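Asker: Sharing a structure here in structure tokens format.
The values are calculated or read from the model by the stated rules, or taken from the named source; none is laboratory data. Here the structure is a predicted model, which means the values were calculated and not measured. Positions of Cβ are backbone-derived with ideal geometry, glycine not excepted, and every protein chain shown enters the neighbour counts.
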Amino acid sequence: MITHHQEIQMTERRRRERLPFIQMDARVQVRKGFMSKEWVNVQVMDFSSLGMAFVGDHEFDEGQRVQFSLNLATEVGNITVEQASATIRNSRVGDEGTIFGVEFQDLKGPVASSLERIENILSRYNRVTERMQT
């Protein structure tokens, strides 16, 4: 198990800072049987427009490609990514369970735009939260 102190000392590999979130619902599509798939809810731990970390009850392999959907609820409406692709880049055991790090794939058009909008809203929310704490 990785302790909080060890986690802080780990080398940062992300190209962008991951941000806390307001209220984000996320689902990942998993194989249920030989021919069927289902969507399962996961808990988002952090987010950027390039990737995210989440905790879920399903096991994923490094390099595995997954489909995901996101919904960020805001006071003025929701920002939704209906279905997009990501690749599992790493996993580690945390207090909440297994945390999976994913990198978003095929970032074009409306999906990329929605992911960037989500990141911008979370970034503004983070700055306001930090100001309120000082």
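Asker: Out of all the residues in region 69-100, which are surrounded by 15 or more Cβ atoms within 10 Å (Cβ to Cβ) and not polar (S, T, N, Q)?
Answerer: Hits for region 69-100 are LEU70, LEU72, ILE79, VAL81, ALA84, ALA86, ILE88, ARG89, GLY94, ILE99, PHE100.
Asker: Can GLY63 be described as exposed (fewer than 13 other Cβ atoms within 10 Å of the Cβ) and of a type in the set (Gly, Ala, Ser)?
Answerer: For GLY63, the condition - exposed (fewer than 13 other Cβ atoms within 10 Å of the Cβ) and of a type in the set (Gly, Ala, Ser) - is met.
Asker: Just name the residue that is nearest to the chain's Cα centre (by Cα) out of those in region 21-53 that are surrounded by 15 or more Cβ atoms within 10 Å (Cβ to Cβ) and charged (D, E, K, R).
Answerer: Residue satisfying both the conditions and the ranking: ASP46.
Asker: What residue, of VAL93, VAL128, VAL76, is at pLDDT 85 or above and among the hydrophobic types (A, V, I, L, M, F, W, C)?
Answerer: None of the other options fit; the residue is VAL93.
Asker: Against the conditions (1) loosely packed, with under 13 Cβ neighbours inside 10 Å; (2) modelled with pLDDT under 90; (3) small (Gly, Ala, Ser), where does GLY56 fall short? Just the number, please.
Answerer: Here GLY56 clears every test but (1).
Asker: Any residue at all in region 79-89 that's of a type in the set (Asp, Glu) and farther than 16 Å from VAL30 by Cα?
Answerer: Taking every residue of region 79-89 in turn, none turns out to be of a type in the set (Asp, Glu) and farther than 16 Å from VAL30 by Cα.
Asker: Does ARG127 meet the test of being within 21 Å of GLN23 (Cβ to Cβ) and either touching a helix residue (DSSP H, G or I) at 6+ places or on another chain (Cβ under 9 Å) or not in a strand (DSSP E or B) (or both)?
Answerer: yes
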